[in-house]
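Quick notes on the structure that follows.
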Amino acid sequence: MNTSVTVLELSGILDGIRGNELRREISGLLANGAEILLLDMKEVKFIDSSGLGALVSGMQMARNANAKLFVCSINDQVRMLFELTKMDRIFQSFADQDEFNRQVLAIQ
């Protein structure tokens, strides 16, 4: 099966404003038939509660569209936030895009 992956490279602070942009971006990609979304968070420095809500919303939109959403390259601060809020149980996370490609695309 040849499934395409759409990679979104996020950067800076994921807050209410950027979170709303992310929701719109994910919604548009899913509307255009995206099946797998990978959020590369290598350049994300901080996520506030609104940004976290946007990620959860994106995950829900992906599930509703029978698509999948993954994250990769999260820094230690974001990882700690994910663990504290139990988001690490909701989001499947990978060290980087290479690990994602090895683990997810190999089974497609």
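Coordinate-derived values only; no laboratory data. Since the structure is predicted, the reported quantities are computational estimates derived from the model, not experimental observations. Virtual Cβ from ideal backbone geometry, glycine too; neighbours counted across all protein chains shown.
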Hey, rough spin-label estimate for Ser4 and Asn32, points 7 angstrom out along Cα→Cβ, what's it come to in nanometres? 0.8
Non-local amide H neighbours of Leu8 (under 5 Å, H modeled in plane, Pro and chain starts lacking H): which ones? Leu38, Leu39, Asp40
Under 5 Å from the placed amide H of Val44, counting only residues 5+ away or on other chains, we find Gly12
Please list the non-local residues whose amide H lies under 5 Å from the amide H of Gln92, H modeled 1.01 Å from N, same-chain partners needing a gap of 5 or more. Val71
Using the reciprocal of the averaged 1/r over all distinct C-alpha pairs, how large is the Kirkwood radius of the stretch 7-61 in Å? 11.1
For the stretch 36-44, in order, what is each residue's ³J(HN,Hα) by Karplus, 6.51 cos²θ - 1.76 cosθ + 1.60 with θ = phi - 60°, in whole Hz (x at glycine and Pro)? 9, 10, 10, 8, 8, 9, 3, 9, 7
If the label point is 7 Å along Cα→Cβ of Phe46, which residues in the stretch 12-26 have backbone nitrogen under 14 Å from it? 12-18
Based solely on C-alpha atoms, express the radius of gyration and the Dmax of the chain in angstrom. 13.0, 37
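Work out how much length Ala95 to Asn64 would gain on full extension: take 0.36 nm times their residue separation and subtract the Cα-Cα distance, in nm to one decimal. Intermediate values should be presented prior to the final figure.
Details: separation 31, 0.36 × 31 = 11.16 nm, distance 2.60 nm.
Taking Ala95 through Asn64 to full extension adds about 8.6 nm, to one decimal.
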Compactness of the stretch 31-77 as Cα Rg over 2.2 N^0.38 Å, two decimals: 1.21
Per DSSP, loop trypsin sites (Lys or Arg not before Pro) in the stretch 19-106 with at most 11 further Cβ within 10 Å: Lys86
